[in-house]
Amino acid sequence: MTIETIPFPLPPSADSSKFRAFGREVKGVDPGALQATQFQEIEKLLYKHSALLFRNVDLTPEQQYTLVKAFDPTCESYGHGNNKTGKTKESILHPYLKTIPRVPQVQLIGNGIVHDHEGIPEAQLKHASHRTFHKSQVSEEDETSGVTRFYRWHMDAALYDLPPPKVTALYGISVPEGDKQICRYDDGTGDELEVPLGTTAFVSGKTMFDILPPELKSLAVRSRVKYAPHPFIWMAPAHAKSSGLGLETEGLETPLDNLPHWEKSKIQIYPVLWKNPITGDLHLQVHPCGACELFVDPLPRTEDGSPQGGLYPEGAHLVDLKTVRNLIYDMQRPGIAPSLVYPHDWHEKDLMLFHNRGVMHSVVGHFKPGKPRVFHQCNLAASDEPLGPSIQDILRWA
């Protein structure tokens, strides 16, 4: 059977000119039982379009793991380590992820109480709410009327010891119905976005880079980000910005001396831009909450030996946390504008497969009592590190 693809159904808020390549619904194939030739086509489609949607899929945890593993066959560990998220209570992720016992690479996420699910007798699932993480919150009155926020913009990655996963698979098993909500940025811009209840919001890292002005493109192509050791424990006491894009700088992070034992060799430093292995495009991929330092390479020299103009022409090693966060925010905030966000309208048995090294995403919204939500999530710590810009890329954009 021929694999057919159609573009994602974009909301009225989206700028369709920025979504020409982003997102395809795939028809005519069972993602849980792909033949080798079918998988090869799916792999190319994913890296080309960043996200693939399969509707009305029956998928076991074993099949979900097998599908994700096909993109990186030597991998065996969940992106944060098998069975680790449930045991590390200090981590900000601990309340939200429950490991499927027989397939530890697959996590149970959602909202409400679940009984006898895939070997789990009972689980109290918790939908991530901005009320537990943001410095400020929307009023109870506004929340009751349907106002909400992005929780946290991120890519799936441990950011310490384990390389970032290449692909994430999200599978909707029980999806609550309800009225749409208004996601407010509350950052002084007046930006807001109508979203389906319990949406997962996606933005393209390629678009995030493409729309930057020249001076920020130059900064991005020359920069590397250093992440804190055990970043999800480090960031746990801190508060997020109202847009969900990074943290406020209040000095609340866990001191490095108070973190669990860590090794300098396991700290991760990655390029700001990650290169797509199929298209060669550059994707702006930074987890803003875990970043703690920036390394900026100097600008290429002109014929007389002097650096060109631009930000940090002589290069820099930036360790002031507020400065680092502000620069990352300046690079990323344009890319989460309402017209550039795809808020997926989940239906039961939807499978969303996305290029985790090419997109950013966020949990959104809140549920009233009695709205159970059950999803399976799978990603695998990769066998290699992300590729950064080539010398040609640096000469072109610096």
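The values are calculated or read from the model by the stated rules, or taken from the named source; none is laboratory data. For clarity, every value in this text was computed on a predicted model and none was experimentally measured. Glycine gets a Cβ as well: all are built from the backbone with ideal geometry, and neighbour counts include every protein chain shown.
Among the candidates Thr144, Thr148, single out the residue that is over 27 Å from Phe19 (Cα atoms) and assigned by TED's automatic domain parsing to the domain that holds Val374. Don't jump to the end; show me each part of the working.
Details: Thr148 fails: over 27 Å from Phe19 (Cα atoms).
Only one candidate passes the filter, namely Thr144.
Can you find a residue in the range 171-179 that is more than 19 Å from Gly81 (Cβ to Cβ), assigned to a strand (DSSP E or B) and either polar (S, T, N, Q) or assigned by TED's automatic domain parsing to the domain that holds Thr279 (or both)?
Looking only at the range 171-179, we keep the residues that are more than 19 Å from Gly81 (Cβ to Cβ), and these are 171-179.
Now narrow it down to the ones that are assigned to a strand (DSSP E or B): 171-174.
From the residues that got through so far, the ones that are either polar (S, T, N, Q) or assigned by TED's automatic domain parsing to the domain that holds Thr279 (or both) too are 174.
The answer is yes, given that some residue of the range 171-179 is more than 19 Å from Gly81 (Cβ to Cβ), assigned to a strand (DSSP E or B) and either polar (S, T, N, Q) or assigned by TED's automatic domain parsing to the domain that holds Thr279 (or both).
Please count how many residues of the range 254-289 are without any contact (Cβ under 8 Å) to a residue 60 or more places away in the chain, more than 19 Å from the chain's Cα centre (by Cα) and closer than 27 Å to Gly335 by Cα.
Qualifying residue count for the region: 1.
Going through the range 47-56 one residue at a time, which ones are surrounded by 17 or more Cβ atoms within 10 Å (Cβ to Cβ) and not in a helix (DSSP H, G or I)?
Selection gives Ser50, Ala51, Leu52, Leu53, Phe54.
Just one of Arg184, Arg224 is touching a residue at least 24 places away in the same chain (Cβ under 8 Å), of a type in the set (Lys, Arg) and assigned by TED's automatic domain parsing to the domain that holds Phe19; which is it? Outline the logic, then answer.
On the way: Arg224 fails: assigned by TED's automatic domain parsing to the domain that holds Phe19.
Testing whether each residue is touching a residue at least 24 places away in the same chain (Cβ under 8 Å), of a type in the set (Lys, Arg) and assigned by TED's automatic domain parsing to the domain that holds Phe19 leaves just Arg184.
Within the range 364-373, track down each residue that is touching a His at 6+ places or on another chain (Cβ under 7 Å) and closer than 25 Å to Asp58 by Cα.
Across the range 364-373, the qualifying residue is only Arg373.
Can you say whether Lys349 is part of a loop (DSSP other than H, G, I, E, B) and farther than 24 Å from Thr168 by Cα, as far as the supplied structure shows?
Working: part of a loop (DSSP other than H, G, I, E, B): yes; farther than 24 Å from Thr168 by Cα: no.
Criteria not met by Lys349.
Report, by residue number, each residue of the range 161-171 that is crowded, with 22+ Cβ neighbours inside 10 Å and in contact with a Lys or Arg (Cβ under 9 Å, 6 or more places away or on another chain).
Residues satisfying the conditions are Pro164, Pro165, Lys166, Val167, Tyr171.
Under 6 Å between Cβ atoms, which residue pairs at least 6 apart in sequence (or on different chains) link something in the range 107-121 that is under 25 Å from Ala381 (Cα atoms) with a partner that is exposed (fewer than 14 other Cβ atoms within 10 Å of the Cβ) and of a type outside the set (Gly, Ala, Ser)?
Gly119/Pro101; Gly119/Arg102
Suppose we filter the range 320-346 for residues that are within 24 Å of the chain's Cα centre (by Cα) and either assigned to a loop (DSSP other than H, G, I, E, B) or at pLDDT below 95 (or both); how many remain?
Residues of the range 320-346 within 24 Å of the chain's Cα centre (by Cα): 321-346.
Now restrict to residues that are either assigned to a loop (DSSP other than H, G, I, E, B) or at pLDDT below 95 (or both): 337, 341, 345-346.
Total meeting the criteria: 4.
Quick check on the range 82-91. Is at least one of its residues out of contact with any Ser or Thr (no Cβ under 7 Å at 6 or more places or on another chain), within 24 Å of Pro237 (Cα to Cα) and at pLDDT 90 or above?
no
Before we move on, is Lys206 in contact with an Asp or Glu (Cβ under 6 Å, 6 or more places away or on another chain) and within 29 Å of Phe54 (Cβ to Cβ)? Please lay out each step first, then the result.
On the way: in contact with an Asp or Glu (Cβ under 6 Å, 6 or more places away or on another chain): yes; within 29 Å of Phe54 (Cβ to Cβ): yes.
Yes, satisfied.
Take Glu215 and tell me if it is part of a helix (DSSP H, G or I) and touching a residue at least 12 places away in the same chain (Cβ under 8 Å). I'd like the intermediate steps shown before the answer.
Numbers: part of a helix (DSSP H, G or I): yes; touching a residue at least 12 places away in the same chain (Cβ under 8 Å): yes.
Spelling it out, Glu215 is indeed part of a helix (DSSP H, G or I) and touching a residue at least 12 places away in the same chain (Cβ under 8 Å).
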